[in-house]
Amino acid sequence: MQISNTLEVGDLGEIVKQHGILYSKEYGYDASFEAYVAEPLAQFVKRKSPRERIWLAKLDGRLLGFICICELSNSQAQLRWFSIKPEARGKGLGKQLMDKALSFCVEQEYQKVVLWTVKGLEVSTAIYLKYGFNITQEIEHKLWGKIQLEQCYEKVL
């Protein structure tokens, strides 16, 4: 398994595709979820900010997982696009990616990391809680073809 910070041709589309397929199969999301992922992901790539970084885990050229840190402000980062393909789960890859992302936040002297998710993603929630994130806000509304309880988690560094 190789983890890198370099986006190669096709990675951007693969990240969007993996999100779309995975969340459709596992949670019943519609195609609007891909647009939700694609738009800010494209902006991240265009910014090329040194205070933002993506980690891509590949095995034999296949993208198996990824995580990203985006800058919200001088003091706050946002954890985004954290996903592990089903066949790569349970092998410590999520922990490796989370460790890299949070270490980067400390290096960049962020004071807080924020992430948005929805209720019902138990595996992700368990990881966030293990790493000291706490729910700070919940909002119910229609997202990706369903009524969702969107949750904001925060971790003070």
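Where a number appears in this text, it was derived from the coordinates with a stated rule and is not lab data. As the structure is a computational prediction, the values presented were derived from the model and not from experiment. Cβ atoms come from the backbone with ideal geometry, glycine included; neighbour counts cover every protein chain shown.
Quick notes on this structure:
Yes/no matrix, rows are residues, columns are (1) buried (at least 17 other Cβ atoms within 10 Å of the Cβ); (2) not hydroxyl-bearing (Ser, Thr, Tyr):
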{"position": "82", "(1), (2)": "yes, yes"}
{"position": "87", "(1), (2)": "no, yes"}
{"position": "93", "(1), (2)": "yes, yes"}
{"position": "98", "(1), (2)": "yes, yes"}
{"position": "103", "(1), (2)": "no, no"}
{"position": "107", "(1), (2)": "no, yes"}
{"position": "111", "(1), (2)": "no, yes"}
{"position": "115", "(1), (2)": "yes, yes"}
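- Selection status of residue 54, of a type in the set (A, V, I, L, M), within 22 Å of residue 27 (Cα to Cα) and crowded, with 19+ Cβ neighbours inside 10 Å: no
- Filter result for the condition that a residue is more than 19 Å from residue 128 (Cβ to Cβ), free of Cβ contacts under 8 Å to residues at least 60 places away in the same chain, touching a strand residue (DSSP E or B) at 6+ places or on another chain (Cβ under 8 Å) and of a type in the set (Gly, Ala, Ser), over 73, 49: 49
- Residue-level check: of (1) out of contact with any Lys or Arg (no Cβ under 9 Å at 6 or more places or on another chain); (2) of a type in the set (A, V, I, L, M); (3) under 20 Å from residue 16 (Cα atoms), residue 64 misses just (1).
- Any hit, region 132-139, residues being among the hydrophobic types (A, V, I, L, M, F, W, C) and in a strand (DSSP E or B): yes
- Residue 121, sole failed condition from (1) touching a Leu at 6+ places or on another chain (Cβ under 8 Å); (2) surrounded by 13 or more Cβ atoms within 10 Å (Cβ to Cβ); (3) within 24 Å of residue 34 (Cβ to Cβ): (1)
- Contact annotation: residue pairs with Cβ atoms under 9 Å, 6 or more positions apart or on different chains, pairing a residue in region 109-126 that is on the phi > 0 side of the Ramachandran plot with a partner that is in a loop (DSSP other than H, G, I, E, B), are 109/74; 109/75; 109/157.
- Only one of 64, 41 that is assigned to a strand (DSSP E or B) and of a type in the set (A, V, I, L, M): 64
- Residue count, region 75-94 (criterion: under 14 Å from residue 1 (Cα atoms) and part of a helix (DSSP H, G or I)): 4
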